Amino acid sequence: MKRILVVGAGGQIGTELVPFLQKNYGEDNVIAAEVRPEVVERLSENSMAIQLDALDFNGYGEAIKKYNIDGIYNLVALLSAKGELNPELAWKINMGALMNSLNLAKELNCALFTPSSIGAFGNSTPHYKTPQDTVMRPDTVYGICKVAGELLGDYYHRRYGVDTRSVRFPGIISNGCLPGGGTTDYAVEVFYEVIKNGRYTCEVPEDAYMDMIYMPDALEATVQLMEADPSRLKHRNSFNIASMSFTPEQIFNEIKKRIPSFTWDYKIDPVKANIANSWPDCLDDTCAREEWDWNPKWGLQEMITDMLKVCEEKVKAGLY
Ligand code: SER
């Protein structure tokens, strides 16, 4: 890839993926696209940024042609908990952006990355060391979109030769931009709350294990997969990746070791509880390790140290 369009660039992943891609491919070769005008303005401070509605097929196609794009990162999605509030809207946005991305990648000869998620799994999936290829019957509209996206990604590759690749992201922990509407958001929010208020109220059950990943590893995985030698790829859409897995109680206790005054309680959101309990406890990422050398660098302890440091700086600077 030489010229890249990041669609839905103003969210949690895009905010950090754009600068990461700029470092890898050159500042002028990465275009951030986002539907919200005020976010386009923020993005334009650090990169070329355009306003684009991914559901507008013609406008999306024009942007690809105008900027000579040959690689698309489609990050547009309503996340799991938010999707349950309005399933029809979630389907329309998540699948609309995906179908436009697939068809434009096919017509205009672009590689395409669209993340999948641990949300593609459901209650009937084996929860421990969830295999790469296994039962996928998600319980959320978000997950249904992710499974459909994985199948369509493989279909467009097989049938039309489109270079589609994807990973199943665990909950992403980061300090660039807060996530919104996800079930794993608690693992980000807690850091800001502990620094600002010394306490946190968690909506996810204390014993719900979920896979998580620190943003630097998520970014590394994305580019590493897109740059992988295609002849080694037996899978494409999508790879299990894993680096850490914990329950709320476990991470809160680890944070308390660093900040002894930290206290927390639970006010369970039944929607998030059902989702969290339906997702795997930890994924088996052997295929990613074998097919494109996935090898995460961040574990729970290093992540906590870094998050506390960066979040404290941001809170002190009045950014949160
Ligand atoms: N972080 C997402 C969510 O919680 C999962 O991909 O919805």
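Please find, within region 165-191, the residue that is farthest from Arg42 (Cα to Cα) out of those that are more than 8 Å from the ligand (Cβ to nearest atom) and β-branched (Val, Ile, Thr). Ranking the qualifying residues of region 165-191, first place goes to Val167.
The set of residues from region 119-153 being open to solvent by 40 Å² or more (accessible area, probe 1.4 Å), within 19 Å of the chain's Cα centre (by Cα) and of a type outside the set (Val, Ile, Thr) comprises Met136, Asp139, Leu151, Leu152.
Could you please let me know if Val194 is of a type in the set (A, V, I, L, M, F, W, C) and either more than 14 Å from the ligand (Cβ to nearest atom) or open to solvent by less than 20 Å² (accessible area, probe 1.4 Å) (or both)? Before the answer, list the steps.
Details: of a type in the set (A, V, I, L, M, F, W, C): yes; either more than 14 Å from the ligand (Cβ to nearest atom) or open to solvent by less than 20 Å² (accessible area, probe 1.4 Å) (or both): yes.
Considered against the rule, which asks whether it is of a type in the set (A, V, I, L, M, F, W, C) and either more than 14 Å from the ligand (Cβ to nearest atom) or open to solvent by less than 20 Å² (accessible area, probe 1.4 Å) (or both), Val194 comes out as yes.
Going through (1) of a type outside the set (Gly, Ala, Ser); (2) out of contact with any helix residue (DSSP H, G or I) (no Cβ under 8 Å at 6 or more places or on another chain); (3) open to solvent by less than 20 Å² (accessible area, probe 1.4 Å) one by one, Ile93 falls short only on (3). Residues in region 14-42 that are touching a Ser or Thr at 6+ places or on another chain (Cβ under 8 Å), aliphatic (A, V, I, L, M) and either within 24 Å of Val188 (Cβ to Cβ) or assigned to a loop (DSSP other than H, G, I, E, B) (or both): Leu17, Val18, Ala32.
Going by the conditions given, is Asp211 touching a residue at least 40 places away in the same chain (Cβ under 8 Å), in contact with a Pro (Cβ under 9 Å, 6 or more places away or on another chain) and closer than 25 Å to Trp91 by Cβ?
On the way: touching a residue at least 40 places away in the same chain (Cβ under 8 Å): yes; in contact with a Pro (Cβ under 9 Å, 6 or more places away or on another chain): yes; closer than 25 Å to Trp91 by Cβ: yes.
Criteria met by Asp211.
Given the structure, is Met226 away from the ligand (no atom under 14 Å from the Cβ), over 19 Å from Lys82 (Cα atoms), modelled with pLDDT of 95 or more and surrounded by 19 or more Cβ atoms within 10 Å (Cβ to Cβ)? Yes: the conditions hold for Met226. Only one entry of Asp269, Asp265, Asp285 meets the criterion of being more than 18 Å from Gln132 (Cα to Cα) and either under 23 Å from the mean Cα position of the chain (by Cα) or free of Cβ contacts under 8 Å to residues at least 60 places away in the same chain (or both), and that entry is Asp269. Check region 253-266 and report whether any residue there is within 16 Å of the ligand (Cβ to nearest atom) and at pLDDT 95 or above. Among the residues of region 253-266, not one is within 16 Å of the ligand (Cβ to nearest atom) and at pLDDT 95 or above, which makes the answer no. Quick one: in region 36-49, which of the residues that are surrounded by 18 or more Cβ atoms within 10 Å (Cβ to Cβ) and free of Cβ contacts under 8 Å to residues at least 40 places away in the same chain is farthest from Ile93 (Cα to Cα)? Checking each candidate, the answer is Leu43. When region 197-222 is limited to residues that are closer than 17 Å to Cys287 by Cα and part of a helix (DSSP H, G or I), the one that is most open to solvent (accessible area, probe 1.4 Å) turns out to be Glu220.
Does Asp163 satisfy the condition of being open to solvent by 10 Å² or more (accessible area, probe 1.4 Å) and touching a His at 6+ places or on another chain (Cβ under 8 Å)? Yes, satisfied. Within region 129-152, being within 18 Å of Leu75 (Cα to Cα) and within 16 Å of the ligand (Cβ to nearest atom) holds for Val141, Tyr142, Gly143, Ile144, Cys145, Lys146, Val147, Ala148, Gly149, Glu150.
Test of understanding: among Lys234, Lys297, which residue is in contact with a helix residue (DSSP H, G or I) (Cβ under 9 Å, 6 or more places away or on another chain), assigned to a loop (DSSP other than H, G, I, E, B) and farther than 27 Å from Tyr186 by Cβ? Before the answer, list the steps.
Numbers: Lys297 fails: farther than 27 Å from Tyr186 by Cβ.
Answer to the selection: Lys234.
Going residue by residue through region 111-119, is there one that turns out to be over 21 Å from Met226 (Cβ atoms) and within 14 Å of the ligand (Cβ to nearest atom)?
In the first step, residues of region 111-119 are kept if they are over 21 Å from Met226 (Cβ atoms); the result is 119.
Next, only the ones that are within 14 Å of the ligand (Cβ to nearest atom) stay: 119.
Yes.
The values are calculated or read from the model by the stated rules, or taken from the named source; none is laboratory data. This one's a predicted model, so the numbers in the text were calculated from it and none came from an experiment. Quick reminder, even Gly has a Cβ in these numbers, built from the backbone with ideal geometry, and neighbours come from all protein chains shown. What goes into the accessible areas is simple: the full protein's heavy atoms, side chains included, and nothing from ligands, DNA or RNA. Shrake-Rupley method; radii C 1.70, N 1.55, O 1.52, S 1.80 Å.
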